[in-house]
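Single-structure report; data block below.
Each value in this text was obtained by applying a stated rule to the coordinates, not by laboratory testing. Everything numeric here is computed off the predicted structure, so don't read it as measured data. So basically every Cβ, Gly included, is an ideal-geometry build from the backbone, and we count neighbours across all protein chains shown.
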Amino acid sequence: MTEKQIIVKIEDYMKKHNLRQWEFANRLGIPDGTLNRWLRGRSNISKAYLVILKKEGVI
């Protein structure tokens, strides 16, 4: 799965669950600034965060 595909899944998950960025980041236990950088394409998602996204059923 590419980085862009993961971003689309994150955005879909947030829309489906009616979550704002900070709420989604809080739910996953990640900094909201990190999530913002992912969504804007300014940072890559590390393997550790991919594990968290998989565990939570986002990807």
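Brief remarks on what is shown
- Under the simplified labelling scheme, the Leu19-Ile7 pair shows an inter-label distance of 1.9 nm, with each label point 7 Å from Cα along Cα→Cβ.
- Neighbours of Trp38 by Cβ distance under 13 Å: Lys/Arg scored +1, Asp/Glu scored -1, total +2.
- The range 27-44 and the range 45-59: distance between their alpha carbon centers, rounded to Å: 12 Å
- Identified option (computed Cα extents along the principal axes in Å; candidates (1) 24, 21, 18; (2) 37, 28, 20; (3) 44, 22, 21): (1)
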